[in-house]
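Some notes on the structure that comes next.
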Amino acid sequence: MSLVFFLAILISLFCSIDPALATSRKLTALVEQQPLLFKYHNGALLKGNITVNLVWYGDFTPVQRSIIVDFIQSLNSPRAPFPSASSWWKTTEKYKGGASTLVLGKQILHPAYTLGKSLKSYHLVALANKVNQLNAISVILTAKDVAVDGFCMSRCGTHGSTRRASGKTRTAYVWVGNSETQCPGQCAWPYHQPIYGPQTPPLVSPSGDVGVDGMIINLATLLAGTVTNPFNNGYFQGPATAPLEAVSACTGLFGSGAYPGYPGQVLTDKSSGASYNANGVNGRKYLLPAMWDPEASACRTLV
């Protein structure tokens, strides 16, 4: 999943195509693209109430943590005005089995870098197992000074699963890294200039923290992929070893009229000039990528 997702970002930044991809002026836009053979492979999905446990590895400020915590809570909150993060997440209900309601669970802090500052994939599994429970997702978030195998070279994050102690059941996990000092042009676009393609000015991030706002984009992508394809036999296109999933199939699309290298028409905050397309709790604003809509058979953006 992660390698294909990462390459798709690079392709979207490097290529150029006809920009007239969408003409609808509705808040909900369907972005034209090549037909995708998006298939359900009859496996288990994560539905119902799903606990999201956060494992913070490295140095995160309280403000940084609050931005991500508010995002998790925004996905199921009806309080934010439209277009909202919850209306974006509601598309996951169109996948077999109904709603996936994310509920914030435990938060575990690892500010002392107990596993060092260069992590392997097995370290991520070990961190995920700190909170290993059914009907839950362990989200590992690594700080800007933590290197992870494949980070910036082939992925901005990933999701997978690990077996519980009994060996009979699996639980899901997500990892997302803060790319601020390592590769923001790859993993925080469009809030940072891309390393390839047209060097258009980056968008202004809502929080003022490019690294964390980039993490939100990748976390949103991976959470949607996790609930719709938690064990590599749910919804995806292509091989199970490198699938395109609910959001990674729609890489680089944030608003109507999007085309490779251009995120599309999004909203602008009048006071700060920040670009966003989703409102969240506590006045938060986020930029969320398009998600595959199974009913429309197309990538759907919020604006």
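The table for this structure:
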item: Per residue, in Å², the accessible surface of the stretch 80-130 once ligands and nucleic acids are set aside, probe 1.4 Å; result: 50
item: LYS120-LYS94 pseudo-label distance in nm [points 7 Å out on the Cα-to-Cβ vector]; result: 4.2
item: Contour excess over end-to-end distance, with Cα ends at THR101 and ARG79 and 0.36 nm allotted per residue; result: 6.4 nm
item: Gain on full stretching of the segment that runs from SER271 to THR169 - 0.36 nm per residue minus C-alpha separation; result: 31.8 nm
item: Distance between the stretch 50-65 and the stretch 168-242 - C-alpha centres, whole angstrom; result: 16
item: Karplus (6.51, -1.76, 1.60) ³J(HN,Hα), θ = phi - 60°, over the stretch 280-288, in Hz, Gly and Pro reported as x; result: x, 5, 6, x, 5, 10, 9, 10, 10
item: The chain, accessible surface, carbon-and-sulfur percent (1.4 angstrom probe); result: 54
item: Whole-number Å³ per residue for the convex hull built on Cα positions in the stretch 153-303; result: 144
item: The chain - Kirkwood radius from inverse mean 1/r over Cα pairs (Å); result: 19.0
item: Gaussian network model of the chain, Cα within-10 Å springs - most flexible of ALA240, ALA85, ALA188; result: ALA240
item: Efficiency of FRET from Cβ geometry, VAL204 and GLN237, R₀ 41 Å, rounded to 0.05; result: 0.80
item: Cβ-derived FRET efficiency at R0 22 Å, VAL63 paired with GLN193, nearest 0.05; result: 0.35
item: P(r) weight above 11 Å for the stretch 262-303, C-alpha pairs, percent; result: 68
item: Qualifying trypsin sites (Lys or Arg not before Pro) for the stretch 267-300 [loop in DSSP, other Cβ within 10 Å: at most 11]; result: LYS270
item: Estimated [θ] at 222 nm from DSSP helical runs (n ≥ 4, -39500 (n - 2.57)) normalised by residues in the chain, nearest 500; result: -6000 deg cm²/dmol
item: Computed lengthening from ASN42 to SER297, 0.36 nm per intervening residue step minus Cα-Cα distance; result: 90.0 nm
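The values are calculated or read from the model by the stated rules, or taken from the named source; none is laboratory data. What you are looking at is a predicted structure, and each value in this text was computed from that prediction instead of being measured. Glycine also receives a Cβ, built like all others from the backbone with ideal geometry; neighbour counts cover every protein chain displayed. Ligands, DNA and RNA are stripped out before the accessible areas are found, and what is left, the full protein with its side chains, is counted by its heavy atoms. Shrake-Rupley method; radii C 1.70, N 1.55, O 1.52, S 1.80 Å.
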